[in-house]
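**Student:** Pasting in a structure now, in C-alpha cells, and then I'll have a few things to ask.
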Amino acid sequence: MTRRLAAILVADVVGFSRLLATDEAGTLANMKERRRAILEPLVKSHGGRIVKVMGDGVLVEFSSAVKAVEAALALQSRFSAANESSAEPRQILLRIGINLGEVVGDGSDIFGDGVNIASRIEALAEPGGICITAKVHDEVRGKVEAAFDDLGEQTLKNIAAPVRVFAVRAGKSARESPFEPTPLPLPGKPSIAVLPFLNLSEDPSHESFADGLTEDLITDLSRNAGLFVIARNSTFAYKGKPNDVRHIARALGVRHVLEGSARRVGGKVRINVQLIDAIAGGHVWAERFDRNLEDIFAVQDEVTAKIVEALVGRLTAPPARVRPNNMEAYDLCVKARILMEQSPQTAREALVLLHRAIELDANYAEAHRCLAINLWLTWSHWGGPMEPNRQLALAAAEKAVALDPNDAGNHWVLGNALGYEKRWTEAEAAFATALGLDPNCADAWADLSDFTVLSGRVAEGLDQVRKALRLNPHPGSWYYLLLGQALYAARNYEAAIHALRHEETYRTGSRRFLAASLAQLGRIGEARNEAELFMISNPHFSISFWVDTQPLRDEEIRDHFIEGFRRAGFPE
C-alpha cells in the first residue's frame, strides 16, 4: 500500500431509488449512456482516474484540486443540458463532493479519511450542486471561474474534527471580485447611495458622529417619494474600503453617489459634501459647511434639500422629524445602533447606552425606538425572558411614536411590536403609516413581510422582502431569515436553503428554517445536524413556543412550519 496526496471527487445520483421505481430499465440505460458519453470523457480530459463505480455513485481521483473542480463544474453543466430533454421526474441530478487529502492506495482502489470526507460532504450538496472542503477552496480560489458560498464548519459522521465546507456555483461572484460587481438595474426614479462620511477629526471617538451624520442624511433623503435611496447597511459595507464610486453605483444599482467628510473640533464642525453622477461622471453639486455643533441638524436639512432639488427639483418637504436636544445623547444613540445589531453581548452594552441617552434627553424619540428594538430582540431572538421585555418593548415603541409621529422608523417598530401582540389591525395601520412617511424604508418592507407571510399571503410577502433587498443589497442577517422563511412558506425549499446558507445569516436564528427546508427535501441527516447546532445556541427553543409567540394568522402556514420542524427533530 502507498500513501499520496490527491484531490478526491465523489458523485452520487439524487433520488436513485425513486428513479428505479419509476423506470428501472430506462434509468439504468440512461446512467450507462451518461457514464460513456459524459463522465468518462470529462474525467480523462481533466487528467483524472475513475477509481470505481458504486451503483449510482462514482469515486474519481485527480492530481490537482483545480482539475477536480473544473471537471465537477463541467460534469454538472453537461448533466443539466442532458436533462433538458427529460421530464422533471426522470431527470438525473448529481451531488458532488471534493476533498484534498492523503489517500492510501491498495491496487487500483484508494481509502482513508481523504476519501471519507469527500463522501460525507457530497451529501451536503444541493441536487445539481458541488461542495468542497476548505483545503480545496484555498487551492482553487481565483483559479477557476466559480463562486463560493461558505457553509461553515460541518460535523461529519465518523470524522473526528469539524470540516469547513464551501458550496460551488458556476460563474464569478461579486463577493469574490469586489472591484467588478454584478450590476443591478437602475430604478425608474432618481437614485442615490450615501457613502459613510469620513471622520477627519483628530479624536477617533468622533467616528460615531460621522456615522450618525451619514445615517441621518440617508433617513431624510429616503422620506422623499421621488427618490430611490439605498439603505445604510448597504452603503456602510463600503466603509474604509478604497472603492471607485462608479463600481459602487453599479453594484448598488444607482446613478448618484454622495460622498462627504466631517471634522469636529470643540463646538465647531466642518462638513464637506459632493454629489456625483457615477454614470455621466463629474460633480452635480458640492459644498462646504462651517457651523456650530448645535446647528448640525439644520445642516442636515439643508444638504437634504439641495440634493433633492438637484435630482428631482423642488418638492414639498416631508414633515420635519424631531431632533435630539442633547449631542451627548445623540452620540450614545449612534453607538448603540451599531452595537445592538451585532450580538446578544453587544446588545446588552447598547441597552446601557440607550438608557443613558434617555436620561440625558427624555424626549429623544430615536433612543426610545432603539430601546424598543433591543428589548424585542432580547426575548424573540436572543434567549432572554419574554416578560417583562415584551411589554417594555411595546411601551418604548409607543413612546417613540408619541414623541415623534413624523418618523417612519418609530411606526414600523411599533407595528412590529403590535404584530407580536396579535393586534393585527393596529399593526397593519402602523406599517402603512411608516411606508407612507418613508417609501424607501427597507427595514419596514422586510419586517412587514414577516406578518404578510405568516398571515398566508406568501407571494405578497415575498415581493415585500425582495423590495427590501433591492433597497438594501447588503443587509443584516435578518433579511435572509425573512427571505428564507418566505421561500419555505412558498415550498421553494431549494431556494430557501440557498438564502439561509448565505454567509450573513448562517449560524444565526435562521438555522431553524434551514433545518426545516432540508427536512422537507428528505435530507434528514443534514436537517437534524442543523437542528442540533441551532439548539446549542437556543436551548429553550421548542415548536410550541414558536407557535405561541409568532404572529401566525393562517392555520395552513402554521401546520406547514410545524411539519418541517418536526421532521428536522426539534423538540415539541
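The values are calculated or read from the model by the stated rules, or taken from the named source; none is laboratory data. Quantities reported herein were computed from a predicted structural model and do not represent experimental measurements. Positions of Cβ are backbone-derived with ideal geometry, glycine not excepted, and every protein chain shown enters the neighbour counts. With ligands, DNA and RNA removed, areas are computed over all heavy atoms of the protein, side chains included. Shrake-Rupley method; radii C 1.70, N 1.55, O 1.52, S 1.80 Å.
**Student:** Can you give the alpha-carbon Rg of segment 375-425 over 2.2 N^0.38 Å, where N counts its residues?
**Tutor:** Its radius of gyration relative to the 2.2 N^0.38 Å reference: 1.11.
**Student:** What does the net charge come to around Pro439 if you take all other residues with beta carbon closer than 12 Å to its beta carbon, with K and R at +1 and D and E at -1?
**Tutor:** Neighbour charge sum, excluding Pro439 itself: +2.
**Student:** Report the GluC sites (Glu not before Pro) located in segment 184-234 that are in a DSSP loop and have at most 12 other Cβ atoms inside 10 Å of their Cβ, or state none.
**Tutor:** Qualifying residues, ordered by number: Glu202.
**Student:** Taking all pairs of different Cα atoms in segment 323-442, averaging 1/r and flipping that mean, what Kirkwood radius in angstroms comes out?
**Tutor:** Taking the inverse mean of 1/r over all distinct Cα pairs, segment 323-442 comes out at 14.2 Å.
**Student:** Using a 1.4 Å probe and counting only protein heavy atoms, arrange Arg470, Arg523, Arg36, Arg18 so the residue with the most accessible area comes first.
**Tutor:** In descending accessible area the options line up as Arg36, Arg18, Arg470, Arg523.
**Student:** May I ask for the net charge around Met535, where only other residues with Cβ less than 12 Å from the Cβ of Met535 are counted and Lys, Arg are +1 while Asp, Glu are -1?
**Tutor:** Net local charge, Met535 excluded: +1.
**Student:** Per residue, how big is the convex hull around the C-alpha atoms of segment 318-392? Give it to me in cubic angstrom, could you?
**Tutor:** 99
**Student:** Give a residue-ordered list of calculated ³J(HN,Hα) values for segment 500-516 (Karplus: 6.51 cos²θ - 1.76 cosθ + 1.60, θ = phi - 60°; whole Hz; x for Gly, Pro).
**Tutor:** Working through the residues one at a time gives 7, 9, 4, 4, 6, 10, 4, 6, 9, x, 5, 4, 5, 6, 5, 4, 5 Hz.
**Student:** Determine Rg/Rh for segment 218-259; Rg is computed over alpha-carbon atoms and Rh is the Kirkwood hydrodynamic estimate from the same atoms.
**Tutor:** 0.95
**Student:** Which percent of Cα-Cα pairs in segment 432-572 sits in each 5 Å bin, short to long?
**Tutor:** Cα pair-distance distribution for segment 432-572, in percent: 2, 11, 20, 24, 21, 13, 6, 2, 1, 0.
**Student:** Cα extents of segment 397-492 along the three principal axes, largest first, in whole Å?
**Tutor:** Sorted from largest, the Cα extents of segment 397-492 read 42, 28, 20 Å.
**Student:** In angstroms, what radius of gyration and Dmax does segment 192-350 have, counting Cα atoms only?
**Tutor:** Over segment 192-350's Cα set, Rg and Dmax evaluate to 15.5, 46 Å.
**Student:** Continuing with the same structure: Could you grab the Rg to Rh ratio for segment 1-46? Cα atoms only, Kirkwood for Rh.
**Tutor:** Result: Rg/Rh = 1.14.
**Student:** Shifting gears a bit: Applying the Karplus parametrisation 6.51 cos²θ - 1.76 cosθ + 1.60 with θ = phi - 60° to the phi angles of segment 197-207, what ³J(HN,Hα) value in whole Hz is obtained for each residue in order, glycine and proline being reported as x?
**Tutor:** Ordered by residue, 3J(HN,Hα) equals 5, 6, 8, 9, 6, 6, 8, x, 5, 7, 4 Hz.
**Student:** Using a 1.4 angstrom probe on the protein heavy atoms only, could you order Asp290, Asp211 from most to least accessible area?
**Tutor:** In descending accessible area the options line up as Asp290, Asp211.
**Student:** Quick check: the distance between the Cα centres of segment 325-394 and segment 421-500, to the nearest angstrom?
**Tutor:** First find each Cα centre; the distance between them is then 23 Å.
**Student:** Which value, in Å², gives the accessible area per residue of the chain when a 1.4 Å probe is used on the protein heavy atoms?
**Tutor:** Averaged over the residues of the chain, the accessible area is 43 Å².
**Student:** Another question, then. Of all DSSP beta bridges located in the chain, what percent are antiparallel, nearest 5?
**Tutor:** 85
**Student:** Expressed as a whole percent, how much of the Cα-Cα distance distribution for segment 40-149 exceeds 21 Å?
**Tutor:** 35
**Student:** Cα centroid distance between segment 198-231 and segment 29-43, in Å?
**Tutor:** Cα centroid to Cα centroid, the span is 58 Å.
**Student:** Based on alpha-carbon atoms only, what is the radius of gyration of segment 15-105 relative to the globular estimate 2.2 N^0.38 Å?
**Tutor:** 1.13
**Student:** Given the DSSP H assignment, sum -39500 (n - 2.57) over each helix run of at least 4 residues in the chain and divide by its residue total; what's the result at 222 nm in deg cm²/dmol, nearest 500?
**Tutor:** -16000 deg cm²/dmol
**Student:** Per the Kirkwood formula on distinct C-alpha pairs, the Rh of segment 95-227 is how many angstrom?
**Tutor:** Final number for the Kirkwood radius of segment 95-227 is 19.1 Å.
**Student:** Continuing with this model, one more query. Which three extents, in angstrom, do the Cα atoms of segment 466-525 have along their principal axes, listed largest first?
**Tutor:** Each principal axis gives a Cα extent; for segment 466-525 these are 35, 22, 13 Å.
**Student:** List the pairs from Lys239/Lys268; Lys268/Lys467; Lys135/Lys239; Lys44/Lys135 whose alpha-carbon separation is above 28 Å, in the order I gave them.
**Tutor:** From the list (Lys239/Lys268; Lys268/Lys467; Lys135/Lys239; Lys44/Lys135), the Cα-Cα distance tops 28 Å for Lys268/Lys467; Lys135/Lys239.
**Student:** How large, in Å, is the chain by the Kirkwood hydrodynamic radius built from its alpha-carbon pairs?
**Tutor:** 26.2
**Student:** Pop out the carbon and sulfur fraction of the accessible area of the chain as a percent, whole number, probe 1.4 Å.
**Tutor:** C and S atoms contribute 52 percent here.
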